[in-house]
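Report on the following structure.
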Amino acid sequence: MTLLDVRSAARSATTGGTAGPAALAALATVGTLCFVDVTAIRLVHAAPRSGGWHWALLAIATAGALATLLLIRPVVTAVRRGQQARKAVELGDAVAARAYRSRSRNAAWVTIGSCAATLIATFFVVFLLANDHAVQRTFFAPEMISISWWEVTKAFEKNLFIAGVAEVIVLAWGLVVALARLAPGRAGRPIAMIATAYVDAFRAVPAIIVIYLVGFGLPLAGVPVLSSMSPTWAAIFALVLTYGAYVAEVYRAGIESIHPSQMAAARSLGLSYPATMRHVIVPQAVRRVIPPLLNDFIGLQKDTSLVTVIGTVDAFTQAKTYSSNYFNLSSVTVVAALFVLITIPQTRFVDRLLARDQRRLQAR
Amino acid sequence: MSFLEIKGLRKSYGELEVLRGIDLAVEQHQVICLIGASGCGKSTLLRCVNALEPIDEGQIRLDGDVVSGEGTDVDRLRRDVGIVFQSFNLFPHMSVLDNVTLAPRRIHRLSREQAQAQALELLERVGLSGKAAAYPDQLSGGQQQRVAIVRALAMNPRVLLLDEITSALDPELVAEVLGIVRDLAAAGQTMLLATHEMSFAREVADTVCFLHEGVILEQGPPEQILGAPTEPRTQAFLRRIIEAGRL
Ligand SMILES: Nc1ncnc2c1ncn2[C@@H]1O[C@H](COP(=O)(O)OP(=O)(O)O)[C@@H](O)[C@H]1O
Ligand SMILES: [Mg+2]
């Protein structure tokens, strides 16, 4: 053995063996396989009694059973590399032994991770099957879905309308409030104070209460113009009040994150404070806050379902009518699915933007 | 009366008195170099002249007008007094051309075409007309600093302040920036600059001022200040510079 090999061997001795993870991986695989396959068999039995879901359940059972086969490869790799590592040790090749051991450990952890994910998914299926698959019938009854989905989806248009209009207004209103909070000088202080009071108040009060107060309170108070708002516009107004406060804070953080040297550079050219804000600071700040802004917008979209408390007929209101008539929540599941459907692309988009910013920062 | 005149200027940050009575006169078409150890107040002095920092005491006059104190129209003053920073401070969301034309268009109300024609001419002079459409992060430090100089020049400032404009540059990029300052000096641009480049100061300066703990200890022609300083602290400072291989 060369000196180098001795050193590597000495070092590898401290990095631990492979028997532990590989054995754990094997155990996890066996357990997962049993659990998944038992569940798959139960699914196959339950399928004929689930009406419209018959084929879907069979497909899920098959897919689950097949998915477990994917666990075989990494677990076999883990065990085999472990054996190779032991053989290499016998041959005195410490470097190769270390490499095999590392591969064995990696494969073992891949197996254990996949088992964990598979188990969680299977538990969900078991939950649906509980109590003679009552859970599935309560939340995913096919006949209820087919009765309600069209009306619910049509009513979802109301949610989209409220969200869209509110978002456009919030975009401008939030910026106005943020600039007011940052108003410079002695003259700016009263404005900054009133803007801060607004932000503090509307970030504290739950959106559902603002909607309730605006939707019922303004007509009661008989305020001119405001009291004649339709429930839809009252909802928009309330959401703008609430989310305007959140978005103002997002903008403010963005503006404050622009280095003061940018302000100095612009002012030193003779640009006034408003011109500097408009051409130099705000454009840079807006680029930075797009991801958190979109996050707030996703929150706003979800909160459109709160308008049901003032009688605006949105998707949730519509779904509740079905659910109370038929004592079944599947129509509400449809609403949930609609929100998932519109939100996922947006969250992915935000992730992409964040990843891009991250890359840029690293490139600097 | 001199073109730019600073009298008894004092400036504190809280307890710390950074400038302790500065008297300085700059004639038209002159180049004044401020030298001195880091932290002696060079940047603060330049920022005061540009009104980026309010002054506590004293007076600044430009072409006879008092341009310091309450009620000064700082935006008006800054049209006449341009400044270039050590860290370039270009606007990263704008192209080179937009960086240069922003102020002339907003303040001098030039049309886009006029402003762009002027900007391209200036960029040509610093060898960057090919980079007009580029964004700052696509340029080298030296190129960015040249754009920053052009951005200041586009407002036709009567005085140009340069604050250690080569200190943030890699050594091989220093020459291209100093070359432009040299051309500006030859063209008669009035300049007040803080620098650590002593041989450059010797070459372009009409007057060199040695700043120490907020006062100008010694000033005079470069041969005298850099060659045969009388103040022991100036001598000590120059010795350190020579030891660092910067002279
Ligand atoms: N905004 C500030 N607030 C507090 N202290 C400052 C500020 N700017 C500069 N100083 C202090 O003033 C002194 C002079 O700084 P500066 O003018 O930047 O020196 P120089 O440019 O000669 O290196 C330093 O001690 C520095 O720490
Ligand atoms: Mg400095």
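The values are calculated or read from the model by the stated rules, or taken from the named source; none is laboratory data. All of these numbers come straight from a predicted model, not from anything done at the bench. No Cβ is skipped: glycine too gets one built from the backbone with ideal geometry, and neighbour counts run over all protein chains shown. Areas reflect the complete protein model, heavy atoms only, side chains present, ligands, DNA and RNA absent. Shrake-Rupley method; radii C 1.70, N 1.55, O 1.52, S 1.80 Å.
Okay, here's what the table says:
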{"item": "Residue that is exposed (fewer than 13 other Cβ atoms within 10 Å of the Cβ) and modelled with pLDDT of 85 or more, where the choices are A:V44, A:V6, A:V38", "result": "A:V38"}
{"item": "Unmet criterion (only one of (1) within 23 Å of A:I194 (Cα to Cα); (2) over 35 Å from the mean Cα position of the chain (by Cα); (3) within 14 Å of chain B (Cβ to nearest Cβ)) for A:V223", "result": "(3)"}
{"item": "Only one of A:V75, A:V79 that is open to solvent by less than 50 Å² (accessible area, probe 1.4 Å) and in contact (Cβ under 8 Å) with a residue 40 or more places away in the chain", "result": "A:V75"}
{"item": "Residues of segment B:98-114 classified as open to solvent by 70 Å² or more (accessible area, probe 1.4 Å), more than 9 Å from chain A (Cβ to nearest Cβ) and among the charged types (D, E, K, R), total", "result": "3"}
{"item": "Matching residues, segment A:157-196, being among the charged types (D, E, K, R) and surrounded by 13 or more Cβ atoms within 10 Å (Cβ to Cβ)", "result": "A:K158, A:E167, A:R181"}
{"item": "Residue pairs meeting the criteria (Cβ under 6 Å; at least 6 apart or on separate chains; first at negative phi, in segment B:149-176; second assigned to a loop (DSSP other than H, G, I, E, B) and of a type in the set (V, I, T))", "result": "B:V150/B:V126; B:V174/B:T166"}
{"item": "Qualifying residue in segment B:33-47 (condition: more than 14 Å from every other protein chain (Cβ to nearest Cβ), within 30 Å of A:Q284 (Cβ to Cβ) and not in a loop (DSSP other than H, G, I, E, B))", "result": "yes"}
{"item": "Filtered residues of segment A:207-235 (kept if within 18 Å of A:E167 (Cα to Cα) and touching a Ser or Thr at 6+ places or on another chain (Cβ under 9 Å))", "result": "A:A207, A:V210, A:I211, A:P231, A:T232, A:A234, A:A235"}
{"item": "Residue identified as farther than 30 Å from A:Y212 by Cα and of a type in the set (A, V, I, L, M) among A:I255, A:I236", "result": "A:I255"}
{"item": "Selection within segment B:6-61 - charged (D, E, K, R), within 14 Å of ligand 2 (Cβ to nearest atom) and closer than 25 Å to B:R239 by Cβ", "result": "B:K42"}
{"item": "Matching residues, segment B:20-59, being more than 16 Å from B:V159 (Cβ to Cβ), open to solvent by less than 10 Å² (accessible area, probe 1.4 Å) and more than 8 Å from ligand 1 (Cβ to nearest atom)", "result": "B:I35"}
{"item": "Single residue of segment B:75-94 satisfying the filter (in a helix (DSSP H, G or I) and open to solvent by 40 Å² or more (accessible area, probe 1.4 Å)) that is farthest from the other protein chains (Cβ to nearest Cβ)", "result": "B:R76"}
{"item": "Residue ID - nearest to the other protein chains (Cβ to nearest Cβ), chosen from residues in segment B:48-74 that are of a type in the set (A, V, I, L, M, F, W, C) and under 19 Å from B:S12 (Cβ atoms)", "result": "B:L52"}
{"item": "Residues satisfying the stated conditions in segment A:214-230, i.e. crowded, with 17+ Cβ neighbours inside 10 Å and either modelled with pLDDT of 90 or more or within 19 Å of A:T317 (Cβ to Cβ) (or both)", "result": "A:V214, A:G215, A:M229"}
